[in-house]
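Q: One structure follows; several queries about it will come next.
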């Protein structure tokens with residue numbers, strides 16, 4: 001592990017991050033960067049000729065938006081599975097996840113190696129409930145394609161974690 005300043009143009013977001021930020025939160029972060037500067041490094045790993053973000057996508061986007069040319073990064077070597085687990089666990093500490101993207105990522109990890117799920121900072125019931133809700137949504141989407149009637153909006157709330165998913 002090392003810390004370096006890296007050009008924002010050499011950094012790319014990962015494709016699996018379920019974390020989301022509201023427009024208000026982004027504006028606040030932007031104001032803070034303009035007021036005090038960039039203060040928290042992001043976590044990246046080398047990936048080909050660039051660096052892939054493991055934690056800090058929103059900080060990177062805002063830093064780029066307000067004109068930073070370089071930002072400090074913690075550079076680590078991680079496998080895809082380790083990077084995905086780290087993203088999930090860091091988001092659990094300081095983020096709000098898109099429940100569908102999170103469920104898809106958890107299901108992918110579970111299929112890759114079921115023991116990886118034990119490394120996620122979530123209760124097993126919460127993980128299973130998210131995956132179940134995602135699967136219910138997929139079934140609902142398929143049946144919706146088959147019907148020609150008007151779509152009725154449905155909200156499913158995960159009983160263990162409280163995530164609400166609109167179907």
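Q: Going through the stretch 92-122 one residue at a time, which ones are farther than 17 Å from residue 19 by Cβ and out of contact with any helix residue (DSSP H, G or I) (no Cβ under 9 Å at 6 or more places or on another chain)? Give the steps one after another, and end with the answer.
A: At the first step, the residues of the stretch 92-122 found to be farther than 17 Å from residue 19 by Cβ are 107, 110-119.
Across the stretch 92-122, the qualifying residues are 111, 114, 115.
Q: While we're here: Could you say whether any residue in the stretch 117-130 is loosely packed, with under 14 Cβ neighbours inside 10 Å, at pLDDT below 75, closer than 30 Å to residue 42 by Cα and under 18 Å from the mean Cα position of the chain (by Cα)? Full working, then the answer.
A: Pass one, the stretch 117-130, residues loosely packed, with under 14 Cβ neighbours inside 10 Å: 118, 121, 123-125.
Of the ones still in play, those that are also at pLDDT below 75 are 121.
Keeping just the survivors that are closer than 30 Å to residue 42 by Cα gives 121.
Next, only the ones that are under 18 Å from the mean Cα position of the chain (by Cα) stay: 121.
For the stretch 117-130, residues loosely packed, with under 14 Cβ neighbours inside 10 Å, at pLDDT below 75, closer than 30 Å to residue 42 by Cα and under 18 Å from the mean Cα position of the chain (by Cα): present.
Q: Consider residue 52 carefully, then state whether it is in a loop (DSSP other than H, G, I, E, B) and modelled with pLDDT of 95 or more. Outline the logic, then answer.
A: Values: in a loop (DSSP other than H, G, I, E, B): no; modelled with pLDDT of 95 or more: yes.
So residue 52 does not fit the description; no.
Q: In the stretch 1-22, what residues are under 20 Å from residue 100 (Cβ atoms) and either modelled with pLDDT of 90 or more or surrounded by fewer than 11 Cβ atoms within 10 Å (Cβ to Cβ) (or both)?
A: First pass over the stretch 1-22, keeping only residues under 20 Å from residue 100 (Cβ atoms): 13-22.
Result: 13, 14, 15, 22.
The values are calculated or read from the model by the stated rules, or taken from the named source; none is laboratory data. Note that the structure is predicted; figures quoted are calculated from it, not measured. Glycine gets a Cβ as well: all are built from the backbone with ideal geometry, and neighbour counts include every protein chain shown.
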